[in-house]
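One structure is given here, and the rest of the page talks about it.
The values are calculated or read from the model by the stated rules, or taken from the named source; none is laboratory data. This is a predicted model, so every value here is computed, not measured. Reconstructed Cβ throughout: ideal geometry from the backbone, glycine too, with neighbour counts over all protein chains shown. Quick note on the areas: whole protein, heavy atoms, side chains included, nothing else; ligands and nucleic acids left out. Shrake-Rupley method; radii C 1.70, N 1.55, O 1.52, S 1.80 Å.
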Amino acid sequence: MKNYRSFKAALISSLALLAFTLPHFSSAAEGMWTLDNLPLAKLQSQYAYKPTGEWVKNVMLGSARLALGCSGSFVSKDGLVMTNHHCASECIEQISTAQKNYMADGFLSKSRETEVQCPAMEVNRLEDIQDVTEQVKKATAGLDGNAYKDAQNAVRAKLTSACVGGDKSATRCDLVDLYHGGRYHIYKYHRYADVRLVWAPERAAAFFGGDPDNFMFPRYNLDMSLVRVYENGKPAQVKNFFPFSKNGAEENELVFVTGHPGSTQRQLTVAQLLSLRDIRLVDGLLRLAELRGVIEQYRTSSPEAARTAEGTLFSVENSYKALYGQLQTLLDPAFMKKKQDEENALRKFITSKPALQSKTGGAWTAIEKAQNKYRALTVRMSNIEGGRALMSEYFYHARDLVRAADEKAKPNAERLPEYSDARLPELEEQILSTAPIYPEFEKVKLVFALTKMREKLGPDDAFVKQILGTASPEQLASDLIKRSTLNDPAVRKALWTGGKDAIAKSDDPFIKLAISIDAQARAIRKQYEQEVESVVQKNTELIAQALFAQSGTGAYPDATFSLRLSYGQVKGWNEAGRKIPAFTDFAGAFARETGAEPFALPSSWHAAKGKLNQAQRLNFVTDNDIIGGNSGSPMINKNGEIVGLIFDGNIHSLGGAFWFDPSINRAVAVHSNGILEALDNIYNAKDLVKEMTER
């Protein structure tokens, strides 16, 4: 459920090329609601409960976002943040070594002084939301194609820069597109760049059951970790945090999930869904399947190879399963008929309103034509600009360094959005990160990427010839990585601070490669923005207007990795005539164990078995509406107390990108009392238990 800067970031960003969102109208517990548009009347009607303004504010300030793709929550006044183990795994891997593998052994800091800084983790806390819809619409009015895109980028840079002001180190501002052009909001965050690992269990406990159990239920996972945010070298002091509930989640209890769902596509046109199904998902699944085999083979070469590639393998397997579930939804004739019927009904509705028909009637045809352009451009776009052809941390750093040097020399309003003033602090932290880069594993990934580039574009393609020359993928990857020094943070820092002059003088082969292909990459990006992205954005805005005219404004927008609240109840479901109970317990984990991975509990669990309350609930399910990005979200009760920690969804939730079925879609969480039981009786983390249960 999380995002990664490397291969998975490229995959998610390419999927996002299709994910132009529209409003969706809800029923039952459906919906990922913005905090300024909660369904208060529906909550009052269904549950006799209406959150107060103070409750909502505390939810906003108690919630946390991990900038690279997860959610979290503040659980003490001293900046303690709870999230999933798989959300902190990148940090855990980065501070591990061949001699000390914290992924395998777990980590517990005995004091504040021994909490270890994560090399590349940033935590954000939302502090303010400002409606800037009119400013954005005024800036783009009457424009098309690249002029529209350039104006949108310029107004984004202007608004986010003004929001950040002079406090770039502690403030982040994002322009959030809601209802795809229906609303534009500025979300202002407090940035915590000093994040330190406090506790994490062994991977065998966090991911018990491994890939076979992923997106399944019953589950028996302690998928949790604790980090602490620091300011000025001291634990950050926060006023708003979520205390732990005394009893934890109970059957049929009303519960809320506050987090940052990444992306949903519930109101794509049928033409967009067909492109997503026939091109992006199929191609993505084939690529992931091959990459999984390559990584698994590499991991057999040595214990160190197994350790350094473990996190990437998890991401590949998680992505494959998620995308496969999405594909199954789009291959379902009943689902596609439902979407076609909805589209036909809306188009019929606007024919009865001449003014609306004149304004919006051509939107579907324009989007369908843009999809044809998309189909023609997608392979070159993903390989040349999207980074697929050169999948390596070396190249990603090189491209950012080269482009940042060029973009920083331009006025803020004229830059690519990812290099605007508001985004530079996060980029700088990534480039200067001390996270290790493993040359041998990078070579394996790069060989795979170069091989797939040649396969997709053809050996006679001019871009392929420019990259490979007369070398094989193996020869080129070996040569580039052998000669590059970009795995050294000091080298990257010198290039970052030296700017264009340092970049021009650099003889690093990845820097030279990034320079040599940058013009082509920018050109195809410009073509894509002109012929696909701007067309889809303008016309989905028109469809959104038609939807509002048809159904009113009682809607939630598709997910955008911005703070949302969902509500639901603790309940199981019926599967093929069999009732799936809502809860599992510690006894079930021991009963499910086989002693062989991935069904082998760590030794710490066996040592503590006699002291554990094995009847204590461990995992449970609810009918809350969640999606990728919600990993690490706190589950709270009406009193604003922690009752669980979201870490997954069931297999039926995989179609949740496109629709929500409250009868079978389930969110999967760690029970709050299960968390405290494990911390106390397995890991002897009594100080943490005390800190998390203090009011």
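Values for this structure:
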{"item": "Alpha-carbon centroids, the range 174-239 and the range 502-528: separation in whole Å", "result": "34"}
{"item": "Value of relative contact order over the range 338-486, rounded to a whole percent, pairs C-alpha under 8 Å and six or more apart", "result": "23"}
{"item": "Cβ-Cβ FRET estimate between residue 493 and residue 606, R0 fixed at 45 Å, reported to 0.05", "result": "0.45"}
{"item": "Heavy-atom accessible area ranking, 1.4 Å probe, most first, across 298, 230", "result": "298, 230"}
{"item": "Estimated FRET transfer efficiency when R0 is 25 angstrom, pair residue 664-residue 251 (beta carbons, to 0.05)", "result": "0.90"}
{"item": "Full-extension gain in nm, residue 434 to residue 296, via 0.36 nm per residue minus C-alpha separation", "result": "47.1 nm"}
{"item": "The range 542-599-the range 371-406 distance, computed between alpha-carbon centres (Å)", "result": "34"}
{"item": "Square roots of 5 times each gyration tensor eigenvalue, C-alpha, the range 156-206, largest first, Å", "result": "32, 19, 6"}
{"item": "Area of residue 369 that stays accessible when all protein chains are in place (1.4 Å probe, Å², to 10)", "result": "130"}
{"item": "Cα gyration tensor shape of the range 129-234, rounded if a/c is under 1.5, else prolate or oblate by comparing a/b with b/c", "result": "oblate"}
{"item": "Calculated FRET value between residue 345 and residue 369, using beta carbons and R₀ = 25 Å, to 0.05", "result": "0.65"}
{"item": "Partners for residue 443 among aspartates and glutamates (Cα-Cα distance below 14 Å; same-chain residues under 8 apart left out)", "result": "393, 474, 479"}
{"item": "Share of pairwise Cα separations in the chain, more than 48 Å, in percent", "result": "12"}
{"item": "Label-reachable residues, the range 270-310, where backbone N falls under 16 Å from a point 7 Å from residue 328's Cα toward its Cβ", "result": "282, 285"}
{"item": "Potential extension, residue 615-residue 638 segment - 0.36 nm per residue separation minus Cα distance", "result": "5.7 nm"}
{"item": "Pairwise label distance in nanometres, residue 505 with residue 167, each label 7 Å out on the Cα-Cβ vector", "result": "3.8"}
{"item": "Cα gyration tensor shape for the range 510-605, rounded if a/c is under 1.5, else prolate or oblate", "result": "oblate"}
{"item": "Normalised contact order of the chain, rounded percent, pairs of Cα under 8 Å and 6 or more residues apart", "result": "26"}
{"item": "Linear extension gain, residue 141 paired with residue 587, 0.36 nm per residue minus alpha-carbon span", "result": "154.4 nm"}
{"item": "Residue-normalised accessible area of the chain, expressed per residue, 1.4 Å probe, Å²", "result": "38"}
{"item": "Part-to-part distance (alpha-carbon centres) for the range 466-494 and the range 604-679, which is given in Å", "result": "43"}
{"item": "Computed Rg/Rh of the range 363-514, alpha carbon atoms with Kirkwood Rh", "result": "1.02"}
{"item": "Inter-label distance, nm, simple model (7 Å from Cα along the C-beta direction), residue 482/residue 596", "result": "4.1"}
{"item": "Spatially proximal lysines relative to residue 100 (Cα-Cα < 20 Å; intrachain offsets below 8 disregarded)", "result": "110"}
{"item": "Given 149/452; 348/369; 234/410; 42/690; 168/482; 579/686, the pairs whose alpha carbons are separated by over 26 Å", "result": "149/452; 234/410; 42/690; 168/482; 579/686"}
{"item": "Proximal aspartates and glutamates relative to residue 57, as straight alpha-carbon distance under 13 Å, when same-chain residues fewer than 8 apart are discounted", "result": "36, 127, 128"}
{"item": "In Å², nearest 10: area of residue 292 left accessible to a 1.4 Å probe", "result": "60"}
{"item": "Cα gyration tensor category, rounded, prolate or oblate, for the range 603-689 with a/c compared to 1.5", "result": "prolate"}
{"item": "Projected area averaged over orientations for the range 541-695, convex hull of C-alpha atoms, nm²", "result": "12.7"}
{"item": "Estimated distance in nm for a label pair at residue 47 and residue 116, the labels positioned 7 Å out from Cα along Cα-to-Cβ", "result": "3.9"}
